[in-house]
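Below is one structure, written out as structure tokens, with a few remarks after it.
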Amino acid sequence: MKGAQFLVKALEQEGVEVIFGYPGGAIMPVYDALIDSKIRHILVRHEQAAALAADGYARASGKVGVCMATSGPGATNLVTGIANAYMDSVPVVAITGQVATSLMGTDAFQEVDIFGITLPVVKHSFLVRTASELPEIVHEAFRIARSGRPGPVLIDLPKDIANTIADYEFDGTTKADGSAAPGKEAIARALKLLRASERPVAYVGGGVGMANALNELKTFIETTGIPAVATLKGLGAIPTKHDLALGMMGMHGSKAANHAVQESDLLVCIGARFDDRATGRLNAFAPHAKVVHMDVDAAEISKLRHAEAPVAGDLRDSLRALASPLEIEPWRRKCVAMKKANAWDYNAPGTDVYAPDFLKRLSERAGENCIVACDVGQHQMWVAQHFHFNNPAQHLTSGGLGTMGFGLPAAIGAQFAFPDATVINVSGDGSIMMNLQEFATLRRYDLPIKVVLFDNSALGMVRQWQELFHDRRYSEVDLSDNPDFALVAQSMGLTSFRVDRREDVDSAIDQLLAARGPVLAHVIIHQEANVWPIVGPGKSNSEMMDEVTL
Amino acid sequence: MNTLRLQLRVKHTEGALVRVLGVTRRRRFDLLHLRADATEDGNFLEVQMTVQADRAGHTLLAQLAKLEDVSEAEILEPAALERDAQAASFGG
């Protein structure tokens, strides 16, 4: 058996059903082996989209996403997607072809040190030096990607090794390493703080979904009565409509969420990492609170904020151990009242389509289990604020890296994970152009993905910052020469239509949801529509700016 | 500035030492001294490094300890660092 054939066999053993990739010279032996495999290869139109689709597949399904590219530019095009998976702790295995070992280090055609280039953005990586190492490397890659705090793993496979004939053997498949249970002393310390607290808040991050701890979180919240706020990636861990879910915290968080955190005397951080977009000015974040920090990654605990009660280990065990009733009824009632008092107002002036209202209506009608993949910018924040999620796996968003162009490939990945699901890509006129070529992938595989493209003829979030924080000195944000996106989409095989009046929103949503194949709604919004509230750069989360007229 | 001395046992695999140094740099610790010796069987590197930063040493230790190739990581006692400095100043 050739190395490439073994690689494919090993991928089958790991349960891989789909690979997103793009062929080329150095990876050709693997593509040859794929012909005889039951694994489905999805040909994207740019390697970045392969990595992002693998990422979206993994986020939606909880399985390891796999992407593949050739050496040199194929491999470097994967890098943004690998970094995206790294920043958001997504299990992805990226396989790159490499020039033959005899050529490595000689600046050969399409040779690049992808192992070295990706070192800062992988959980781990392998360069296959000899054919005999291949079995162990492949399975180690999957074990590492899915264990503990997940992340991307790179396998760089030289062409001669892919062609080497040898007896490759491996018994069975690998499983993720179990995460250690928290220590008894850590739990006791945390319980003591919880029982002494009068104003606790649960600060819920993406780690909860990745740890499959949704049930344990729900039990913890409902048993203790602690109000919960979520990071961007934690949205849906407690369903948005739950009484104790106060919404997203941070720069574009809800007032109820940010006020609750700022007033709290105990912050129970669950699978989150005190990211700057969540905390605002760190030394003014939750200034009266002690911290219980639960995380599977001990390196996150006390990295940015000292934890009086560090609880390293499996979140399911930690949450179970800490779920006991607390005497905090006045605080609970106050938080629920704050949520009600600060509910979103969808009565916007004017006749333009109001994106928050569009998204609220879409959310109400798209079904409880729809999957939304966002790009990055204003529309991303509007989705976080106004879409209702019951599970974090429904909300695919590039949180850590903030990768414009993430949404469409991620939606493709999610649709392959769940062929019958309603998958929506919400994008902007800036972001969509970053991976527009993937419309061709929608057509090729006839994917019924629904693209909602909010078009304000500008790089909206940058424009908003320039308006608010740079004295309206607009620099390189004008996109008024955008193509006619509906026509572009049509030429690439999508059904498309334009929406530019508020009164047409409901019928547009009807049309979008009724479409049987790929469809694009080109939604024109006002150029000066902004995301509110906003915490300005360097400001505390107590200093939320509400809608202002300048 | 905090100065700390770390001792690591690292699997002697592709890029392992570069990975350790990369994490050290990215986490904003300045390298003052580095020594890496392969074990007799060639399977591991015994690494000693002295670094300096404004940040707490435990944050770097935790980041290094979770690398797949790092099998042991510890901060040597500050007293050991002081002893070494004294020894150096006395020409020991």
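The values are calculated or read from the model by the stated rules, or taken from the named source; none is laboratory data. This one's a predicted model, so the numbers in the text were calculated from it and none came from an experiment. Note that we place each Cβ from the backbone using ideal geometry, even for glycine, and neighbour counts take in every protein chain shown. To get the accessible areas, we keep the full protein, side chains included, count just its heavy atoms, and leave off ligands, DNA and RNA. Shrake-Rupley method; radii C 1.70, N 1.55, O 1.52, S 1.80 Å.
Before moving on, here are some points about what is shown:
- Size of the B/A contact, given as accessible area buried on both chains, probe 1.4 Å, in Å²: 1200 Å²
- Karplus-derived HN-Hα couplings along region A:6-19 (A = 6.51, B = -1.76, C = 1.60, θ = phi - 60°), whole Hz, x at Gly and Pro: 5, 3, 5, 4, 5, 4, 4, 4, 7, x, 5, 10, 9, 10
- Taking other residues whose beta carbon is less than 11 angstrom from the beta carbon of A:Phe387, and scoring Lys, Arg as +1 and Asp, Glu as -1, yields +1.
- Helix-only CD estimate at 222 nm, as mean residue ellipticity for chain A, using -39500 (n - 2.57) per DSSP H run (n ≥ 4): -10000 deg cm²/dmol
- Counting only protein chain heavy atoms and rolling a 1.4 Å probe, the accessible areas of A:Tyr57, A:Tyr445, A:Tyr474 rank, largest first, as A:Tyr474, A:Tyr445, A:Tyr57.
- Model label sites at A:Asp177 and A:Ala343, defined 7 Å from Cα along the beta-carbon direction, differ in position by 4.8 nm.
- Distance between the pseudo-spin-label points of A:Ile39 and B:Ala36 (7 Å out from Cα toward the beta carbon): 3.1 nm.
- Prolate/oblate/rounded label for chain A (Cα gyration tensor, a/c 1.5): oblate
- Nearby lysines by direct alpha-carbon distance to A:Lys233 (threshold 16 angstrom, same-chain neighbours under 8 apart not counted): none
- Unit charges at the beta carbon, dipole of chain A: most positive-side option, A:Ala196, A:Ala286, A:Asn435: A:Ala196
- The packing ranking of peptides A:32-42, A:486-496, highest mean first, is A:486-496, A:32-42, where packing means the average number of other beta carbon atoms within 10 angstrom of each residue.
- Å² per residue, accessible surface of region A:308-354 at 1.4 Å: 58 Å²
- Members of region A:285-317 that become less accessible by 40 Å² or more once partner protein chains are added (1.4 angstrom probe, chain alone as reference): A:Ala299, A:Lys303
- Taking a straight line from the alpha carbon of A:Lys290, these aspartates and glutamates sit under 15 Å away, with near neighbours fewer than eight places off in the same chain left out: A:Glu198, A:Glu263, A:Asp265, A:Glu308.
- Relative packing of A:396-403, A:326-333, which averages over residues the other C-beta atoms within 10 Å, highest first: A:396-403, A:326-333
- Low-density loop cleavage sites - trypsin sites (Lys or Arg not before Pro) in region A:493-550, where at most 16 other Cβ are within 10 Å (DSSP): A:Arg501, A:Arg516, A:Lys539
- Heavy-atom accessible surface of A:Phe142, to the nearest 10 Å², is about 0 Å², with a 1.4 Å probe and all protein chains retained.
- Per atom type, region A:1-150 shows carbon and sulfur on 52% of its accessible surface, probed at 1.4 Å.
- Rounded Å value of the spacing that divides the Cα centres of region A:460-475 and region A:278-330: 35 Å
- Per-residue average of Cβ from other chains inside 10 Å of B:17-30: 1
- Shape call, region A:101-226: gyration tensor on alpha carbons, a/c limit 1.5: prolate
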